[in-house]
1. Tell me the net charge near E197. Cut-off is 12 Å between Cβ atoms, E197 excluded, with +1 for each Lys or Arg and -1 for each Asp or Glu.
2. Please list, in chain and number order, the residues 5+ apart from E274 or on another chain whose amide H is under 5 Å from its amide H, with Hs placed from the backbone.
3. Give the dimensionless ratio obtained when the Cα radius of gyration of the chain is divided by 2.2 N^0.38 Å.
4. If I model a spin label at H241 and K183 as a point 7 Å from the Cα along the Cα→Cβ vector, what separation in nanometres do I get?
5. Could you give me the ³J(HN,Hα) list for segment 156-173, computed from phi with Karplus coefficients 6.51, -1.76, 1.60 and θ = phi - 60°, whole Hz, x at Gly and Pro?
6. Calculate the length of the line joining the C-alpha centroid of segment 191-266 to that of segment 82-112, in whole Å.
7. By count of other Cβ within 10 Å, fewest leading, how are S179, S76, S191 ordered?
8. With r as the distance between the Cβ atoms of D162 and L81 and R0 = 41 Å, compute the FRET efficiency 1/(1 + (r/R0)^6) and round to 0.05.
Amino acid sequence: MAISIKILTALSSVILIFAPVSKASESIVESPKVQQRERPDPLEKIWRASGDTVVGTVNQVNVTKNELLRHLWFQSAPAALDDLMKKRAIKFAADAAGIKIGPDKLESKIRQDIKQTKSESFDALLRKEQMTQERYKGILLVNMLLEEYVRKQVTIVAGDYDKWVKVRYIFIADPRYESDMGKREIFAQESKKKADEILTQIKAGKDFAEVADQYSDSPENVIAGKKQGGSLGWITGDQTHFTRRFEEACFSLETGNVSNPVRADFGWYLIKSEAVGKDTNGKDTELNQLIVERKVRPAIDSALDGILAGAKLDNRLVLP
């Protein structure tokens, strides 16, 4: 059973939860402030007006608020009521589980949405989504409540840790792209020689993160103008956009070990394992959070089905 709430493309909350990102792909940018509207919402203003308020004209003939409400009632009331009751069922379930979303947390989510969509302000985001402030916040709140409800029920088992490793890497690019396979192999050997030289420095005791900042050709090693020391953070096997050889090397390393050069499409990787999930004994808070986040989205539909099944919905506007 799928809820009929419109899903916002901007939301980073439950319905659109994404796989956890690694540190290397996070953006270090200050969250924008939520700018409140300087003028009243026209829908809010007309809602407070009398029923004979003119809301539109056709050939200079007025359409009143009451006419519009009657049209909406007979056209959309059953579906709108169904949507409203499902939202209320989620809120009841969240209340029973002791889940609350305060104004500060809601505003924080809105700031995330503004930043994620690269909108200049909350008003700009609302225009992009073609929504009023009240509707946007209403949908966001319900999504957040459902997310927290599911997250509260998620458990971590020992096997979950086997799928995670924490790594740093250095990418040494081939001198240039070459379509001719023979010439490409020559360039590959040049970059391999450089990778071997860098590996020698690391084995001699030079800090991997410092070497990554000095030599890595990966554009992902610089975020918001700050070098990352080659940190990829915690990754899981089906998460990265790297080659299978890269992933296999990551999961074959023991904590603290550095790989031999691993061939990329147009260069070489050097990889250092900083931690192995199964060795954390459940004490790494960041990893625990990432595992929970990965489990939330697949559990949404079944959790929602359970909430609605127990809510005893009775839509009396549905035609027989």
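1. Working: positive: K192, K193, K194, K203, K206; negative: E190, D196.
So the environment of E197 carries a net charge of +3.
2. Placed amide hydrogens put K166, V167, R168, G256 under 5 Å from E274.
3. 1.35
4. Inter-label distance under the simple model: 2.7 nm.
5. Going residue by residue, I get 10, 10, 3, x, 5, 6, 5, 8, 10, 9, 10, 9, 10, 8, 10, 10, 10, 7 Hz, with x marking Gly and Pro.
6. Cα centroid of segment 191-266 versus Cα centroid of segment 82-112: 42 Å apart.
7. Neighbour counts put them in this order, fewest first: S179, S76, S191.
8. Using R0 = 41 Å, I get an efficiency of 0.30.
Values in this text are rule-based calculations from the coordinates and carry no lab data. All of these numbers come straight from a predicted model, not from anything done at the bench. As a convention, Cβ positions derive from the backbone with ideal geometry for all residues, glycine included, and neighbour counts pool all protein chains shown.
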